[in-house]
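Undergrad: Before we start, here is the structure in question, set down as structure tokens.
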Amino acid sequence: MSSERPPVHEMVKNAVESLGGIATYKQIIEWIDEKFRNVNHGTIRAQTIACSVNQPSRVHYPENQKERNSNPKYDLFFSVGRGKVEIFDTVKHGNWGIVEKKGKFKITHEGKIIGISEINEFYFIEKDFESTTKNKEDSQYLRERFQTLEGVLINNSKQLFDNTNSYTGQAWNQGYKAWNDYQWLGLWRHGTKIESIQFQVSLGKEQELGIGIWLDGGADNTRKHALEKIKNNKEEFLKLIEDIPNSYDIGIKKRDKTTIVKKLSDLHDVEFFETVIEELSKNKTEFFIQRKIFKNEVINFETKIVDEILSIFNNLVPVSDFLSIKNQENTESPLLQFVNGGWTTFTNYQPIIIKELLESGSENNYSVPIKKIDDKIELLNFRRDTFNIASYKTSAYPALDKFVKNKNDVIFLDTNSFENDEIAKIIELCDKEIAKQHVQSIMRDENNIYFIQAGEDSKWLKEFEETKTVGITHPNAKFDLSNMSKNEIQNKTDGEYGTELFNVSQIKKGDIIAITTGSKQGIENFGIATSDYYCDSKSNTYNHKIDVEYLNFGTNKINSNTPKAIIKSDQEVPRIKEFLIGKNSMAAIKAHSCFILTQYSDSKYDDVEGEQYQYDNHKPNSRKLLKGSKFIIQTKINNENCFVGYGKIGSIAESSDTNEKGKPITKFVAKFSEYQKFDPPKLRTIEL
């Protein structure tokens, strides 16, 4: 044995050369074991991966995290099969490199980025298991790795999962805005993403890889179907279970999140079988059968882990088919599935992009100049404090990469991602998400909701929607109403319609417009005011106008109870907001909202560091800050925004006062509880 120890990548190179220029990982490890003492096998595998030019995972190693065409020191091998490499030769293998795209490194061949669909092998590495943390970078890394695994599984399982659907779970919990310390992917043969028996691979902080089938708690119809199949065909079900290796686990996850896990052989136990039946009869129950593999064994599988996953899936196909609803076809396209609950940002960016592209039509190949999308997003984000063009692009487009492409500053929608008969439904879901985000994030306390009737017998409805405006008229009021009081308007119109004309003059950007066709006729269309009131003296129809972005949906459950042309709907505000946001989302906002509170040393407000925050009713979202709300304190340090502490609101005191102009205002003092100081302060990034 040699006492000299060159770098591990050189050991690997020497091994491959000594083995005739081509070798398996196992052969490389055995050769190095003979020549050197105590070289970690995981390190040998990692260096083999890092030095293989056509391995997508190599970009996760520090030596490969920069753009380059070639580096003779680290571009040593070419992967020629599962767990096998040969010496890299540019004449034989072509030119391989590394580029950075959207903040992520990718491998290239002859200048072309290698996509997931072109990758046919995968293996787990130490970093995968080390990344089961709640750290943002770790969560994003692990999701990217599982997206690669998803593609490899599909590419290697054409017979088992022909024409199947698949997905990789999000890296963050949308309801709580927290990064996950676990990751999973799912495939299904029958049904939809939720209503199905999924084949899943998962990795969590337990350092085990879970591989098996899973019934989601939201799959209500499939759960009921599976329950009846098991109850009515017990012997057939148990026979299918007997054909599965005993090393697999079977489990139930109850509504209260407690889990019962047994070995498959325990299903013959009468008490446990009855427990399974009892729990499956309850809503939100989850059911699974899986094999768990510990970290070292997973890594030792190397590229054969793909075969192992597919073998486990294959063992579970009979049970999956037994429990599934066979004639339940998945008719939802990937894009429809995404807009039906897959949004990845708490903004209106993604729905605006998709809506604009679909509305451009097939005649334009569902494409729009990026400048037009920029303008629309800017139009509908005029009051978002953290908005800027750069941040919207970095947060919105990467998540839409499966559906949207950018070519020469023109954005295209992939026509393979949706069906033509789904377009109206997708646009409707986009409009509803835009409305939800507007109410949650952009409306301020001074914004109002107005019912406006579309003229007598709805004569202006078409013009409202086609011109993206709304308004009213009066034969004695052709003049500009701006800055006029209600009494002044009444005096100039012989006392007629003073309230209605004054109301229209008060509409401003951000207000919600509810278009009606008459009293007690429901709401025909919702819209967002994108301008303040203005007078169009040249109009032949209605000259008192506001520009509106229509959302193209309404409701027959909320009514204007007056025949007036326009009313400010104070009474219906809670119902309309709840309708636009959704009851479940409204409850989540109350439970999980986290506010950014800004405190500066030269502030006019009576703020006390670590103790209280003062504000008035002119502050955005002032009425949304509640006792128990979570907050984080932001201030300026060396001209940069920094977070200095966080906590909960313990109490809020309210008092009446006047502002500098003598107008009445409401002042609030929010007292802190559970306050924790950041030491040192944390720099606020655009992403935060």
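Undergrad: So if I restrict to the alpha-carbon atoms in segment 126-323, what is the Rg, and what is Dmax, the biggest pairwise distance, in Å?
TA: 16.5, 48
Undergrad: Here's a follow-up. Which whole-number percent gives the relative contact order of segment 334-442, counting Cα pairs below 8 Å spaced six or more residues apart? Don't jump to the answer; show the numbers that get you there.
TA: Values: 109 pairs, mean separation 47.4, N = 109.
In percent, rounded to a whole number, it is 44.
Undergrad: Please give the charge dipole size of segment 255-297, origin at the Cα centre, charges +1 on K and R Cβ atoms and -1 on D and E Cβ atoms. Round to the nearest 20 debye. Spell out each step's value before the answer.
TA: On the way: 9 positive and 9 negative charges, 73 e Å.
My answer is approximately 340 debye.
Undergrad: So if I place +1 on the C-beta of Lys and Arg and -1 on the C-beta of Asp and Glu, and nothing else carries charge, what would the dipole magnitude of the chain be about its Cα centre? I want it in debye, nearest 20.
TA: On the way: 94 positive and 100 negative charges, 194 e Å.
The dipole of the chain has a size of about 940 debye.
Undergrad: For segment 227-374, what is the convex hull volume of the alpha-carbon atoms per residue, in Å³?
TA: Here the figure is 211 Å³ per residue.
Undergrad: Please work out the Cα center distance from segment 183-229 to segment 39-79, rounded to the nearest Å.
TA: Using only Cα atoms to place each centre, the spacing works out to 35 Å.
Undergrad: To continue, here is another question. Taking 7 Å along the Cα-to-C-beta vector as the label spot, tell me the Lys624-Glu100 distance in nanometres, rounded to one decimal.
TA: Here the modelled spin labels are 3.4 nm apart.
Undergrad: Kyte-Doolittle mean at least 0.0 and Cα extent at least 24 Å along the axis: which DSSP H helices of the chain qualify?
TA: Values: long enough: 136-155 (29 Å, -0.89); 305-323 (26 Å, 1.18).
Helices meeting the criterion: 305-323.
Undergrad: Where the Cα atoms of segment 248-306 are projected onto their three principal axes, how long is each span, largest first, in whole Å?
TA: The Cα atoms of segment 248-306 stretch 41, 24, 16 Å along their principal axes.
Undergrad: Okay, next question. Where in segment 532-571 does the amide nitrogen come within less than 15 Å of the point 7 Å from the Cα of Lys478, taken along Cα to Cβ?
TA: Correct set: 535-544.
Undergrad: How big is segment 16-124 in terms of Cα radius of gyration and Dmax, in angstroms?
TA: Answer for segment 16-124, Rg first and Dmax second: 13.9, 44 Å.
Undergrad: With the contact rule set at Cα under 8 Å and sequence spacing of 6 or more, what percent relative contact order holds for the chain? Don't jump to the answer; show the numbers that get you there.
TA: Details: 1207 pairs, mean separation 49.2, N = 688.
About 7 percent, as a whole number.
Undergrad: Mind giving me the nanometre distance, one decimal, between the label points for Ala424 and Asn641, set 7 Å out from Cα along Cα→Cβ?
TA: Once both label points are built, they end up 4.2 nm from each other.
Undergrad: Please list the equivalent ellipsoid semi-axes of segment 449-582, computed as the square roots of five times the alpha-carbon gyration tensor eigenvalues, in descending order and whole angstrom.
TA: Sorted largest first and rounded, they come to 23, 15, 14 Å.
Undergrad: What is the Cα convex hull volume of segment 593-683 when expressed per residue in Å³?
TA: On the way: hull volume 8.9 nm³, N = 91.
Dividing the Cα hull volume of segment 593-683 by its residues yields 97 Å³.
Undergrad: When the chain is fully extended, how far beyond the present Cα-Cα distance does Lys459 get from Ser265, taking 0.36 nm per residue of separation? Walk me through the numbers before you get to the answer.
TA: Details: separation 194, 0.36 × 194 = 69.84 nm, distance 7.18 nm.
Between Lys459 and Ser265, full extension yields 62.7 nm more.
Undergrad: Then there is this: Would you please state which residues of segment 621-641 a label at Lys604 would reach in this model, taking the label point 7 Å out along Cα→Cβ and a backbone N cut-off of under 18 Å?
TA: Residues 621-622 qualify, since their backbone N sits under 18 Å from the label point.
Undergrad: Expressed in nm to one decimal, what extension gain is obtained for the pair Lys564 and Ser367 from 0.36 nm per residue of sequence separation less their Cα-Cα distance? Intermediate values should be presented prior to the final figure.
TA: Numbers: separation 197, 0.36 × 197 = 70.92 nm, distance 4.19 nm.
Separation in residues times 0.36 nm, less the Cα-Cα distance, equals 66.7 nm.
Undergrad: A further question on this structure: Mind giving me the FRET efficiency for Glu126 and Thr164? R0 is 30 Å, r the Cβ-Cβ distance, nearest 0.05 is fine. The partial results should precede the final answer.
TA: Values: r = 31 Å, r/R0 = 1.02.
Once rounded, the FRET efficiency stands at 0.45.
Undergrad: So what is the diffusion coefficient of segment 466-537 in µm² per second by Stokes-Einstein at 4 °C and 1.567 mPa s, using a Kirkwood Rh over Cα pairs? Write out the running numbers ahead of the final one.
TA: Working: Rh = 13.3 Å.
Translational diffusion coefficient: 97 µm²/s.
Undergrad: Report, in cubic angstrom per residue, the convex hull volume of the C-alpha atoms of segment 334-442. Walk me through the numbers on the way to the answer.
TA: Numbers: hull volume 9.8 nm³, N = 109.
Output value, Cα hull per residue: 90 Å³.
Undergrad: Quick check: the distance between the Cα centres of segment 594-629 and segment 493-532, to the nearest angstrom?
TA: Value for the Cα centre distance between the two parts: 32 Å.
Undergrad: Measuring from label point to label point, each 7 Å out along Cα→Cβ, what is the Ser656 to Asn617 span in nm?
TA: Going by the 7 Å Cα→Cβ label model, 1.0 nm.
Undergrad: Still on this structure, I have one more. Applying 1/(1 + (r/R0)^6) with R0 = 22 Å to the Cβ-Cβ distance of Ile87 and Glu297, what FRET efficiency is obtained, to the nearest 0.05?
TA: Efficiency for this residue pair is about 0.15.
Undergrad: At 0.36 nm per residue, minus the direct Cα-Cα distance, what do Lys326 and Glu674 gain on full extension? Give it in nm, one decimal, please. Intermediate results must be reported in sequence, preceding the final value.
TA: Values: separation 348, 0.36 × 348 = 125.28 nm, distance 5.28 nm.
This chain segment gains 120.0 nm when fully extended.
Only the coordinates and a few stated rules stand behind these numbers; no lab work does. Worth saying up front: this structure is predicted, and the values here are computed from it rather than measured. Positions of Cβ are generated from backbone atoms using ideal geometry, with glycine treated the same way; all protein chains shown enter the neighbour counts.
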